[in-house]
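Asks: Supplied in structure tokens, the structure appears directly below.
The values are calculated or read from the model by the stated rules, or taken from the named source; none is laboratory data. This one's a predicted model, so the numbers in the text were calculated from it and none came from an experiment. Using ideal geometry, Cβ is built from the backbone for each residue, glycine included, and neighbour counts are taken over all protein chains shown.
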Amino acid sequence: MPDSTPQPGALLPLPPSSFHILLALADEDRHGYAIIQDVAARTGGALKLSAGTLYRSIQRMLEQGLIVEILERPAPEFDDERRRYYRIAPFGTAVARAEARRLTQLVSMARARGLAPGRA
Amino acid sequence: MRAYRALLHLYPASFRAEYGEEMCAIFARQRRDAAGPAVATLWAATFFEVLRNAAAVHWDILQQDLRYTARSLGRTPGFALTAIVVTALGVGANTAAFSVTDFVLIRPLPFAEPERLVKLWERLPGYPKMEPSPANYRDWKRMSTAFEAMGAFYGLPVNLVGHGDPERLERTAVTADLFPMLGAHALLGRLFAPADDRAGAAGTLLLSYPLWQAVFGGDAGVVGQRVTLDNEPYTVIGVMPPDFHFPSREAEIWTPARFQELDFQDRDNNYLEVVAKLRRGVSLDRARAEMGVIAGQLERQYPKENRLTGSNVIRLRDELSQQSRLLLVALSGAALCVLLIACANLANLLLARALARQKELAVRAAMGAGRERLVRQLVTENLVLAVLGGLLGVLAAVAAVPLLARLVPSSLPIAQAPSVDFRVLIFAALLTGLTGVGFGVFPALRASGSADLSGLREGARAGGGLREGARAGGGRKERLRSALVIAEVMASVVLLVSAGLLIRALWRIEATDPGFHADGVLTLRTALPMPKYAVTARRAEFYTRVLSEVRALPGVSAAAYISFLPMVMQGGIWPVAIDGQPRDLTRGGESQTASMRFVTPGFFAAMGIPLHRGRDVSDSDTIDRPFAAVVSESFVRRYWPDQDPLSRHFQFAFHDRMVVGVVGNIRVRGLERNSEPQVYLAYKQDPDGGFTFYGPQDLVVRSSASTGALLPALRRIIRGADPQQPVSDVRTMAQIVEEETASRSAQVRVLGVFAAIAFLLAGVGIHGLLSFAVSRRAQEIAVRIALGARSSAIVRMVLRQGVLLAAAGVLPGVALAYAAGRAMQALLAGVQPGDAPTFLAAAGLCVLMTILGCLFPALRAVRVDPITAIRAE
């Protein structure tokens, strides 16, 4: 159950696994295994979510209202009965943006001290 | 794959149901992709991943449930508070009772291998535990093989002079083998060595920790210092640790027990206490058998002195009066009763709450919460209540334990105050857990079992009449709740009757005539040190001077000295022989003995003991005159019934004595025990060095002045007579008599509180159940009122239910209470376990409780507004 009138800032900083799941769902709805694959592909295999971590995060993110489970299914030939599909919620998008902003600020602070590549 | 599924059971069922299939699918793919050694790596990683995540999911749910609990309890603070307080009462009562019981009865004594330590006694007809004489002790030690070590001690208070005011100290003389046998170590310095025991060795002593702190300021350089005890020089050889108490917590100082050949001459000189350690592998029974054989041999060897003298071997742990034990067992039983009542009340509260929450649970079930989730939520709620109640209970117990210290017998070698320690906390946690799980899970299961959609139908229960409604709705639950209330009433009857019986016993004991008038009598002790006062005339000089000055004080009507005050010293028993009567230790089932005291003139007047015939001892009863004795009525009744006792002679304490007076009986052995007849001897008729132990030391002053006004004058007078003489044990006689019943009244007070709690809880239980029933039946009642039922009929209907509940509880309660009374008959001081006034009072209280419990529900039933109640449909 989502908390009443949540503020995106209240959930920051976001656990890395949650952030990655939001990124994976940003462009399309995916089922669990597809999320794991997408995260692994984007991080070059550096982050391999385990099933437990994935679904524990999913459960929490559902409760927080970051994502929703969708009932519409792809065409039956691509579908597996067991699969459940997830979609990023508008609140999830807002939180992902806020987290990205937070990370950007951090990086620019690091840059100002010469701890990160790029222009000061 | 099956292994992975099994592993998934570590997750909560709700999580597994939701995601288990997909997790299996993902694992299946990973498993397919892996080959060779990667399979092992995958399994290992998966195993730890599941462990970690399952714990995390459980934690997530717990947090969620706790948040929900806080909200839901916050909405019903009255319920939450009641449940917490009820739990706290149950846990608190038991924690407090357990802390004392554990401390006194269960916990091993603070010595090395305490289970092998035993105490050895002589056994005489009528005296199962008689102190052995040094001669018998020496023979036991020489002849026995069952013991690894044997040591002896005796109490011999001494005066300490030269460190501030003169002080009277509780000194225990111990043989050198005693402390090592107990596994004791000195905090500073050393223990006694066999060389310290030899007659003629330089005096050595060990200090107790409190005395070291109080008198020597905790100075580490105290070892080697010289101190003067009873005018004799001693060297401090060590300090004992703070937790060492032997033989009791009163011990302040220890010196070696030294025996000279002379001490072994008299086998009737019984004053030693003997502790021994069973050899490894030797049972108590074997030790008893061996000691029996040895006692038999000694009796044959010394047929006169050791006549009928057996032996008695008792575990040191069991050196506790039957009464102290029973007091605590009764207390624990009462606490258990309180816990049962609290649990029944709690279960009732939770059942009622679960019924009231049916709709909420049905909504949650409809929204997809599984039964497991609902039960888990409810259990979390109940556990939170239990833990809060448990914490409060432990706090209450911590506060109450010091009040229970009076129940710790002073005869045990343990500290006075039990502490709430680790064991007690574990006990409290177990209790809390049991209460929470037992009475939280059960209602939760029941509640969730019916959390179906029927709960959503608003008027489901209201359609039919009373019977149908009860059957359709919570008929079974109502029966269960009734059973719980009946159990509460039953347990509270048991508690009320037990407390009542013990109160009656206490009253009876308090009403016992001690044989003297305690009011207005102040007592104090000036124990005259030997050998300074070994000459009788020297003591007489002291008494004469002190007494004449005390008697001259304003308000003082009488003053005298006696060897030992009654009740404070219960021993000092000597055999009696009468010319022309056969000497037998047991005549008519009673031993032929009497208690012996030396007194100065005026003792009977000072104590208010009536002089029935003849005269008091007098100053002219000197050593060259016939030895005078004043005897008690019981003495006369036993030896010269229906005859004039005056001027008759008897043999007592090595001398021929002549009866010069007869006084009333007093209770030397306290209010609850039968006392031997009393013999009072003239203080001047004690040959020099004869009965120095019996030299009068307790001053009794009858006065109209207050203690505060009198005491400084008394101290000044004693300082004037001997500046080195300490004054100790300042007490009124009334305090001494009160001390007799101190542990009893402490127990009765605690039990009374328990009974009051039980009574209250049972009343609340009846009230709760009836209120609930009335609100469930509001529509039925409304219909009845609308149809013209009188209010009296409605009240009768509610009352009937209450009275039925009470009667169903009182009847078995009375039977149980009688059984409880029988079990603690030894504590009842002659009050019958079926004491009618007590039972009537308890039953009357139950009727009162029932009426009070019914009152508000009945009023509410009468006030039901038919229109509102029916329209609510």
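Asks: Quick one: which of B:L187, B:L120 is more than 30 Å from B:L528 (Cβ to Cβ) and either surrounded by fewer than 22 Cβ atoms within 10 Å (Cβ to Cβ) or without any contact (Cβ under 8 Å) to a residue 24 or more places away in the chain (or both)?
Replies: Details: B:L120 fails: either surrounded by fewer than 22 Cβ atoms within 10 Å (Cβ to Cβ) or without any contact (Cβ under 8 Å) to a residue 24 or more places away in the chain (or both).
After applying the criteria, what remains is B:L187.
Asks: Residues B:A342, B:A295, B:A369: which one is farther than 30 Å from B:V774 by Cα and in contact with a Gly (Cβ under 6 Å, 6 or more places away or on another chain)?
Replies: Details: B:A342 fails: farther than 30 Å from B:V774 by Cα; B:A369 fails: in contact with a Gly (Cβ under 6 Å, 6 or more places away or on another chain).
From the options B:A342, B:A295, B:A369, the qualifying one is B:A295.
Asks: Being more than 26 Å from B:M530 (Cβ to Cβ) and surrounded by 14 or more Cβ atoms within 10 Å (Cβ to Cβ) is the filter here, so list the residues in region B:220-240 that pass it.
Replies: Those that are more than 26 Å from B:M530 (Cβ to Cβ) and surrounded by 14 or more Cβ atoms within 10 Å (Cβ to Cβ): B:V223, B:V239.
Asks: Filter region B:624-638 down to the residues that are within 44 Å of the chain's Cα centre (by Cα) and either surrounded by fewer than 21 Cβ atoms within 10 Å (Cβ to Cβ) or free of Cβ contacts under 8 Å to residues at least 12 places away in the same chain (or both) and list them by number.
Replies: Within region B:624-638, the first condition is being within 44 Å of the chain's Cα centre (by Cα), and the residues that meet it are B:629-638.
Correct list: B:E633, B:S634, B:R637, B:R638.
Asks: For region B:273-284, does any single residue satisfy the condition of being touching a residue at least 60 places away in the same chain (Cβ under 8 Å) and over 24 Å from B:P180 (Cα atoms)? Before the answer, list the steps.
Replies: Kept after step one, since they are touching a residue at least 60 places away in the same chain (Cβ under 8 Å), are these residues of region B:273-284: B:273-280, B:282, B:284.
With over 24 Å from B:P180 (Cα atoms) added as a condition, the list becomes none.
No, there is no match, as no residue in region B:273-284 is touching a residue at least 60 places away in the same chain (Cβ under 8 Å) and over 24 Å from B:P180 (Cα atoms).
Asks: Filter region B:131-149 down to residues that are under 18 Å from B:R280 (Cα atoms) and free of Cβ contacts under 8 Å to residues at least 12 places away in the same chain, then give me how many there are.
Replies: Counting residues in region B:131-149 that are under 18 Å from B:R280 (Cα atoms) and free of Cβ contacts under 8 Å to residues at least 12 places away in the same chain gives 1.
Asks: Going through B:A762, B:A755, B:A734, B:A746 one at a time, which residue ends up being touching a residue at least 60 places away in the same chain (Cβ under 8 Å), surrounded by fewer than 16 Cβ atoms within 10 Å (Cβ to Cβ) and assigned to a helix (DSSP H, G or I)? Give the derivation first.
Replies: Details: B:A762 fails: surrounded by fewer than 16 Cβ atoms within 10 Å (Cβ to Cβ); B:A755 fails: surrounded by fewer than 16 Cβ atoms within 10 Å (Cβ to Cβ); B:A746 fails: surrounded by fewer than 16 Cβ atoms within 10 Å (Cβ to Cβ).
After ruling out the rest, the residue left standing is B:A734.
Asks: Let me confirm something: among B:A789, B:A815, which residue is in a loop (DSSP other than H, G, I, E, B) and either under 42 Å from the mean Cα position of the chain (by Cα) or hydrophobic (A, V, I, L, M, F, W, C) (or both)?
Replies: On the way: B:A815 fails: in a loop (DSSP other than H, G, I, E, B).
So the residue among B:A789, B:A815 that is in a loop (DSSP other than H, G, I, E, B) and either under 42 Å from the mean Cα position of the chain (by Cα) or hydrophobic (A, V, I, L, M, F, W, C) (or both) is B:A789.
Asks: Report the residue count in region B:354-390 for those that are more than 27 Å from B:A17 (Cβ to Cβ) and either crowded, with 21+ Cβ neighbours inside 10 Å or in contact with a helix residue (DSSP H, G or I) (Cβ under 8 Å, 6 or more places away or on another chain) (or both). Full working, then the answer.
Replies: First pass over region B:354-390, keeping only residues more than 27 Å from B:A17 (Cβ to Cβ): B:355-356, B:385-390.
Filter once more, so that each one left must be either crowded, with 21+ Cβ neighbours inside 10 Å or in contact with a helix residue (DSSP H, G or I) (Cβ under 8 Å, 6 or more places away or on another chain) (or both): B:355, B:385-390.
Qualifying residue count, region B:354-390: 7.
Asks: Tally up the residues in region A:42-65 that are more than 10 Å from chain B (Cβ to nearest Cβ) and within 18 Å of B:F27 (Cα to Cα), please.
Replies: Of all residues in region A:42-65, those more than 10 Å from chain B (Cβ to nearest Cβ) come to A:42-47, A:61, A:64-65.
Among the residues that remain, those that are also within 18 Å of B:F27 (Cα to Cα) are: A:45, A:47.
Residues in region A:42-65 being more than 10 Å from chain B (Cβ to nearest Cβ) and within 18 Å of B:F27 (Cα to Cα): 2 in total.
Asks: I want to confirm something. Restricting to region B:12-23 and keeping residues that are more than 8 Å from chain A (Cβ to nearest Cβ) and in contact (Cβ under 8 Å) with a residue 12 or more places away in the chain, which single residue is nearest to B:D60 (Cα to Cα)?
Replies: Just the residues of region B:12-23 that are more than 8 Å from chain A (Cβ to nearest Cβ), to begin with: B:12-14, B:16-17, B:20.
Add one more test, that the residue is in contact (Cβ under 8 Å) with a residue 12 or more places away in the chain, and what stays is B:12-14, B:17, B:20.
Working: B:P12: 11, B:A13: 14, B:S14: 13, B:A17: 16, B:G20: 17 Å.
Selected residue: B:P12.
Asks: Restricting attention to helices (runs of 4 or more DSSP H) lying wholly within region B:156-274, give those where 1 or more residues are touching a Pro at 6+ places or on another chain (Cβ under 9 Å) and of a type in the set (F, W, Y).
Replies: Numbers: elements: B:178-182, B:194-197, B:209-216.
In region B:156-274, B:209-216 are the helices (runs of 4 or more DSSP H) which contain 1 or more residues that are touching a Pro at 6+ places or on another chain (Cβ under 9 Å) and of a type in the set (F, W, Y).
Asks: Being in a helix (DSSP H, G or I), over 16 Å from the mean Cα position of the chain (by Cα) and basic (K, R): is that true of B:R376 here?
Replies: Details: in a helix (DSSP H, G or I): yes; over 16 Å from the mean Cα position of the chain (by Cα): yes; basic (K, R): yes.
In short, yes.
Asks: Now, a different point. Of all residues in region B:603-623, how many are within 45 Å of the chain's Cα centre (by Cα) and on the phi > 0 side of the Ramachandran plot?
Replies: Looking only at that region, the number is 1.
Asks: Right, next: Out of everything in region B:89-121 that is among the charged types (D, E, K, R) and over 13 Å from the mean Cα position of the chain (by Cα), what residue ends up being nearest to B:A428 (Cα to Cα)? So that I can check it myself, show each step before the final result.
Replies: So in region B:89-121, the residues among the charged types (D, E, K, R) come out as B:102, B:107, B:113, B:115-116, B:119.
If we keep only those that are over 13 Å from the mean Cα position of the chain (by Cα) too, we end up with B:107, B:113, B:115-116, B:119.
Details: B:R107: 16, B:E113: 28, B:E115: 27, B:R116: 30, B:K119: 34 Å.
Looking at residues that are among the charged types (D, E, K, R) and over 13 Å from the mean Cα position of the chain (by Cα), I get B:R107.
Asks: Among residues belonging to region B:53-70 that are facing another protein chain (nearest Cβ under 10 Å) and among the β-branched types (V, I, T), point out the one that is farthest from B:R16 (Cα to Cα).
Replies: Looking at the filtered set, the residue picked out is B:I61.
Asks: Is there a residue in region B:850-857 that is over 15 Å from B:A487 (Cβ atoms), touching a residue at least 24 places away in the same chain (Cβ under 8 Å), of a type in the set (A, V, I, L, M, F, W, C) and surrounded by 20 or more Cβ atoms within 10 Å (Cβ to Cβ)?
Replies: For region B:850-857, residues over 15 Å from B:A487 (Cβ atoms), touching a residue at least 24 places away in the same chain (Cβ under 8 Å), of a type in the set (A, V, I, L, M, F, W, C) and surrounded by 20 or more Cβ atoms within 10 Å (Cβ to Cβ): present.
Asks: Restricting the search to region B:649-664, which residues are free of Cβ contacts under 8 Å to residues at least 40 places away in the same chain and surrounded by fewer than 20 Cβ atoms within 10 Å (Cβ to Cβ)? Outline the logic, then answer.
Replies: Here is the first cut: in region B:649-664, the residues free of Cβ contacts under 8 Å to residues at least 40 places away in the same chain are B:654-658.
Result: B:F654, B:H655, B:D656, B:M658.
Asks: Follow-up question, since we're still on this one. Is it fair to say B:I314 is β-branched (V, I, T) and in contact with a Leu (Cβ under 9 Å, 6 or more places away or on another chain)?
Replies: Details: β-branched (V, I, T): yes; in contact with a Leu (Cβ under 9 Å, 6 or more places away or on another chain): yes.
Considered against the rule, which asks whether it is β-branched (V, I, T) and in contact with a Leu (Cβ under 9 Å, 6 or more places away or on another chain), B:I314 comes out as yes.
Asks: If you don't mind, there's one more thing I want to ask. Residues that are modelled with pLDDT of 90 or more, within 12 Å of the chain's Cα centre (by Cα) and part of a helix (DSSP H, G or I): does region A:99-111 have at least one?
Replies: Among the residues of region A:99-111, at least one is modelled with pLDDT of 90 or more, within 12 Å of the chain's Cα centre (by Cα) and part of a helix (DSSP H, G or I), which makes the answer yes.
Asks: For region B:29-52, which positions are surrounded by 13 or more Cβ atoms within 10 Å (Cβ to Cβ), at the interface with chain A (Cβ under 10 Å from one of its Cβ atoms) and without any contact (Cβ under 8 Å) to a residue 40 or more places away in the chain?
Replies: Selection gives B:R29, B:Q30, B:A45, B:E49, B:R52.
Asks: Here's another thing I want to ask about it. Only one of these conditions is not met by A:A96: (1) closer than 22 Å to B:D60 by Cβ; (2) at pLDDT 90 or above; (3) within 14 Å of another protein chain (Cβ to nearest Cβ). Which number is it?
Replies: Of the numbered conditions (1) closer than 22 Å to B:D60 by Cβ; (2) at pLDDT 90 or above; (3) within 14 Å of another protein chain (Cβ to nearest Cβ), the odd one out for A:A96 is (3).
Asks: Quick check, is B:R142 of a type in the set (K, R) and at pLDDT below 90? I'd like the intermediate steps shown before the answer.
Replies: On the way: of a type in the set (K, R): yes; at pLDDT below 90: no.
No; evaluated as a whole, the condition is false for this residue.
Asks: Right, here's the next one. For residues in region B:269-291 being within 20 Å of B:K129 (Cβ to Cβ) and loosely packed, with under 15 Cβ neighbours inside 10 Å, which is nearest to the chain's Cα centre (by Cα)? Even if it seems obvious, please write down each step before you answer.
Replies: So the first thing to find is which residues in region B:269-291 are within 20 Å of B:K129 (Cβ to Cβ), and the list is B:269-278, B:284-285, B:287-291.
This time we only want the ones that are loosely packed, with under 15 Cβ neighbours inside 10 Å, so: B:285, B:289.
Details: B:D285: 29, B:A289: 33 Å.
Ranking the qualifying residues of region B:269-291, first place goes to B:D285.
Asks: Taking the criterion of being part of a helix (DSSP H, G or I), crowded, with 17+ Cβ neighbours inside 10 Å and either touching a His at 6+ places or on another chain (Cβ under 9 Å) or free of Cβ contacts under 8 Å to residues at least 12 places away in the same chain (or both), would at least one residue in region B:831-846 satisfy it? Outline the logic, then answer.
Replies: Quick first cut of region B:831-846, residues part of a helix (DSSP H, G or I) only: B:836-846.
From what's left, crowded, with 17+ Cβ neighbours inside 10 Å: B:838-839, B:842-843, B:845-846.
Checking the rest, the ones that are also either touching a His at 6+ places or on another chain (Cβ under 9 Å) or free of Cβ contacts under 8 Å to residues at least 12 places away in the same chain (or both) come to none.
No, because not a single residue in region B:831-846 is part of a helix (DSSP H, G or I), crowded, with 17+ Cβ neighbours inside 10 Å and either touching a His at 6+ places or on another chain (Cβ under 9 Å) or free of Cβ contacts under 8 Å to residues at least 12 places away in the same chain (or both).
Asks: Going by the conditions given, is B:R822 among the basic types (K, R), modelled with pLDDT under 85 and in a helix (DSSP H, G or I)?
Replies: Values: among the basic types (K, R): yes; modelled with pLDDT under 85: no; in a helix (DSSP H, G or I): yes.
No; evaluated as a whole, the condition is false for this residue.
Asks: In the list B:V668, B:V700, which residue meets the criterion of being within 18 Å of B:G520 (Cβ to Cβ), within 33 Å of the chain's Cα centre (by Cα) and aliphatic (A, V, I, L, M)? Spell out the reasoning first.
Replies: Values: B:V668 fails: within 18 Å of B:G520 (Cβ to Cβ).
After ruling out the rest, the residue left standing is B:V700.
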